[in-house]
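Trainee: Quick one: this structure, given as structure tokens, is what I'll be asking you about.
The values are calculated or read from the model by the stated rules, or taken from the named source; none is laboratory data. Just so we're clear, the structure is a prediction, and the values are computed from it rather than from any experiment. We place every Cβ from the backbone using ideal geometry, glycine too, and count neighbours over all the protein chains shown. Only protein heavy atoms, including side chains, enter the accessible area calculation; ligands, DNA and RNA are left aside. Shrake-Rupley method; radii C 1.70, N 1.55, O 1.52, S 1.80 Å.
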Amino acid sequence: MKPILLRARGEENSRSINTYLRLGGYAALKRALIMDPADVREEVKNSGLRGRGGAGFPAGVKWGFVPQSTTRPRYLICNADESEPGTFKDREIIHTEPHMLLEGIIIASYAIGANTAYIYIRGEFWTEAEILERAIAEACRKKYLGKDILRTGFDIDIHVHRGAGAYICGEETALIESIEGKRGQPRLKPPFPAVVGLFGCPTVVNNVETLACVPHIIEHGAEWFAGIGRDVRNSGPKLYGVSGHVEKPGVYELPMGTTFREIIYEHAGGIRGGKKLKAFIPGGSSCPVLPADRVDIPADFDSVAEAGSMLGSGGIIVMDETVDMVWALENLLTFYAHESCGQCTPCREGSDWALDIVRRIRAGHGQPRDLEALERISRHASQGMTICPLGDAFCGPIASFLKHFRHEFEDYIARAEPLPPKKLPVLPVRSDRGPFGI
Amino acid sequence: MTLARTRPLTVAPPDTLADVSFDEAMEARIEEILAKYPTRQAALLPLLWLCQDRWGWISPGVMRAVAARLDLAPAHVAGVVTFYTMYQTTPPGKYLLQVCTTLSCQLCGTSGLAEHLREKLGIGFGETTPDGRFTLLDVQCLGACGEAPVIQVNNDYYTGMTPEKLDELLDGLQ
């Protein structure tokens, strides 16, 4: 497949508006602006475009939830928080063609009737925020942004809003809280953001890659987009980010539904040092891990779900035969224990508690009942027991590591020496930080 | 050309930040920020960034000034500052060395780098060298896993790091 989203990778000045225009950029916007917004939404819905941020919700359907008969302002938010470990594709889009993202944002705003859009970008992406600011300034000068763009009467402003270091702000309601100037703690749903979102107004939150697909759908049509990939439920080009133990880590743009084998062995050059594949996490660290024998499944939303995991963001973390899976789970739990916002007890306490147990197992002081305790935590902190999916995000790894690599945990426990009783942790405690992360 | 391309942070000493006010240039920036949002509270994160760029960290005095400027409760501002990991609540060194410690970077050898840094600088995570040049931090995923291992110094990413590249980088950061 010829690259679509990353077509300008490696090209000189690919970030400038002149290059973008030369490659046919902003033609889709001109076309969209003479369409009825409802037709734009319909076209995106028919393309089968599903959210690329992790949840895989159909983008056109999400847009359709915005009430059309409202007098309140409507907002579009581009989620560029990219905080899921193993995910680094949105950064690639911003580095390659920021104007593709801007065009997608403008079209999406037009489709839902928003006149203000915010790009929420993680605080660490300072360089990327600068790239976007420059692109916005260029687009303003050429009248693709601002008042009455291209003399169509449509007004649209895009503002970049920098986060400040919080994984949870990738969750859409936490992100909204963060733009409003609060701690990034997720809101209860319903009401969904499409009805009550940013500043209490109808809001759509879409991922960078999702929005970057939009101009291509408008330009080439829904049918063309649906024709790329496995079927209309798993359509379009997909950016797969491969990291970990591969020869050539990086972002690869391939049709949705390419097998993990092809992605890992053909595009990413295979396992580093000729070693054997042990396991891979298919779509960012919160997706359940899969053992090497599942490498032949297609990397699309439905196939990965059937295999018991999620396509998530498409960030594939590859682990070779040398990896200690107890260590890997400890690393992931360290992340989630650090990033839990602290709002819901099962997640706040469960993530710390699970981390303490796994740490103790690895330190050689595991007990046979520890695995049962881990399973209990993973049952009680997931599937609707918390406000947002961060509970599921750390429980998925626990359950899947225990399912596929239980023997490694049992081996540790079999070799374990009991801890002197006085050192046994009585209550779950923050293991790596003091209160408030200080 | 040397590897290092990062400029040092301006770090204001604590006694100068007991009671702060915004100069004209900052006021102009604040007005620009406020124009982007329908509420004053929404300007909080950008205004905190502005202050951290100016003074290197967010002191209690800065929090009070920000709260007053945006008509917010100082406790709300303090709550926000401490929620987000990137706002520094103690004066950092001139260079914030942020080592990514999450899975993809670990698989590619971050622990070796962290060990190397600890030995070379004689400090652990969360500490600053006595000369005030470096602060070493362990951070969670920086979102550049394809170029692991990654270290962020102030605003800049340094990717594909090795102990040798690290030495070259540290020598370049004066």
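Trainee: How about region A:5-33: which of its residues are open to solvent by less than 50 Å² (accessible area, probe 1.4 Å) and either in contact with a Gly (Cβ under 6 Å, 6 or more places away or on another chain) or assigned to a loop (DSSP other than H, G, I, E, B) (or both)?
Mentor: A:Leu5, A:Leu6, A:Ala8, A:Ser14, A:Ser16, A:Gly24, A:Gly25, A:Tyr26
Trainee: Do we find that B:Gly172 is away from chain A (no Cβ under 14 Å), within 17 Å of the chain's Cα centre (by Cα) and at pLDDT below 95 in this structure?
Mentor: no
Trainee: Looking at region A:180-196, which of its residues are at the interface with chain B (Cβ under 7 Å from one of its Cβ atoms) and more than 13 Å from B:Tyr84 (Cβ to Cβ)?
Mentor: A:Glu180
Trainee: May I ask you to verify whether B:Asp53 is closer than 29 Å to B:Leu142 by Cα and acidic (Asp, Glu)? Walk me through it before giving the result.
Mentor: On the way: closer than 29 Å to B:Leu142 by Cα: yes; acidic (Asp, Glu): yes.
Yes; evaluated as a whole, the condition is true for this residue.
Trainee: Which residue, of A:Arg379, A:Arg360, is of a type outside the set (A, V, I, L, M), in contact with a Leu (Cβ under 8 Å, 6 or more places away or on another chain) and more than 14 Å from every other protein chain (Cβ to nearest Cβ)?
Mentor: Every option except A:Arg360 fails the conditions.
Per-residue answers, yes or no, for (1) more than 15 Å from A:Leu211 (Cα to Cα); (2) of a type in the set (Asp, Glu):
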{"residue": "A:Ile93", "(1), (2)": "no, no"}
{"residue": "A:Met100", "(1), (2)": "no, no"}
{"residue": "A:Ile106", "(1), (2)": "no, no"}
{"residue": "A:Glu124", "(1), (2)": "yes, yes"}
{"residue": "A:Ile131", "(1), (2)": "yes, no"}
{"residue": "A:Ala135", "(1), (2)": "yes, no"}
{"residue": "A:Tyr144", "(1), (2)": "yes, no"}
{"residue": "A:Gly153", "(1), (2)": "yes, no"}
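Trainee: Out of all the residues in region A:213-249, which are within 14 Å of another protein chain (Cβ to nearest Cβ) and either touching a Cys at 6+ places or on another chain (Cβ under 6 Å) or at pLDDT below 95 (or both)?
Mentor: Listed by number, the list holds a single entry, A:Ser243.
Trainee: Here's something else I'd like to know. With respect to the numbered conditions (1) within 27 Å of A:Gly24 (Cα to Cα); (2) in contact with a helix residue (DSSP H, G or I) (Cβ under 8 Å, 6 or more places away or on another chain); (3) away from chain B (no Cβ under 14 Å); (4) open to solvent by 10 Å² or more (accessible area, probe 1.4 Å), which one is the sole condition not fulfilled by A:Tyr252?
Mentor: (3)
Trainee: On to the next question. Scan region B:8-27 for residues that are open to solvent by 50 Å² or more (accessible area, probe 1.4 Å) and either assigned to a helix (DSSP H, G or I) or among the charged types (D, E, K, R) (or both) and jot them down.
Mentor: Those that are open to solvent by 50 Å² or more (accessible area, probe 1.4 Å) and either assigned to a helix (DSSP H, G or I) or among the charged types (D, E, K, R) (or both): B:Pro14, B:Asp15, B:Thr16, B:Asp19, B:Asp23, B:Glu24, B:Ala25, B:Glu27.
Trainee: If you take the residues in region A:219-239 that are of a type in the set (Asp, Glu) and outside any strand (DSSP E or B), which one is surrounded by the fewest Cβ atoms within 10 Å (Cβ to Cβ)?
Mentor: The residue in question is A:Glu223.
Trainee: Let me ask something else. What are the residues in region A:34-85 that are among the aliphatic types (A, V, I, L, M), modelled with pLDDT of 95 or more and open to solvent by 70 Å² or more (accessible area, probe 1.4 Å), if any?
Mentor: Hit for region A:34-85 is A:Ile34, nothing else.
Trainee: Sort through A:Val242, A:Val195 and tell me the only one that's assigned to a loop (DSSP other than H, G, I, E, B) and either open to solvent by 10 Å² or more (accessible area, probe 1.4 Å) or not assigned by TED's automatic domain parsing to the domain that holds A:Ile119 (or both).
Mentor: Within the list A:Val242, A:Val195, the selection yields A:Val195.
Trainee: Something else: Mind checking whether some residue in region A:258-280 is open to solvent by less than 30 Å² (accessible area, probe 1.4 Å), within 23 Å of A:Leu329 (Cβ to Cβ) and either assigned to a loop (DSSP other than H, G, I, E, B) or out of contact with any strand residue (DSSP E or B) (no Cβ under 7 Å at 6 or more places or on another chain) (or both)?
Mentor: There is no residue in region A:258-280 that is open to solvent by less than 30 Å² (accessible area, probe 1.4 Å), within 23 Å of A:Leu329 (Cβ to Cβ) and either assigned to a loop (DSSP other than H, G, I, E, B) or out of contact with any strand residue (DSSP E or B) (no Cβ under 7 Å at 6 or more places or on another chain) (or both).
Trainee: Kindly provide the set of residues from region A:199-218 that are part of a strand (DSSP E or B) and hydrophobic (A, V, I, L, M, F, W, C), ordered by number.
Mentor: Matches in region A:199-218: A:Val204, A:Val205.
Trainee: Still on this structure, I have one more. Just the residues that are facing another protein chain (nearest Cβ under 10 Å) and not in a helix (DSSP H, G or I), please, taken from region A:159-179.
Mentor: Once the filter is applied, which keeps residues that are facing another protein chain (nearest Cβ under 10 Å) and not in a helix (DSSP H, G or I), region A:159-179 yields A:His159, A:Val160, A:His161, A:Arg162, A:Gly163, A:Ala164, A:Gly165, A:Ala166.
Trainee: Also, I was wondering about something else. From (1) more than 22 Å from A:Glu306 (Cα to Cα); (2) under 19 Å from the mean Cα position of the chain (by Cα); (3) touching a residue at least 60 places away in the same chain (Cβ under 8 Å); (4) open to solvent by 10 Å² or more (accessible area, probe 1.4 Å), pick out the condition that doesn't hold for A:Leu188.
Mentor: (2)
Trainee: For region B:127-169, give me the residue count where each residue is polar (S, T, N, Q), open to solvent by 30 Å² or more (accessible area, probe 1.4 Å) and closer than 18 Å to A:Glu128 by Cβ.
Mentor: Residues in region B:127-169 being polar (S, T, N, Q), open to solvent by 30 Å² or more (accessible area, probe 1.4 Å) and closer than 18 Å to A:Glu128 by Cβ: 2 in total.
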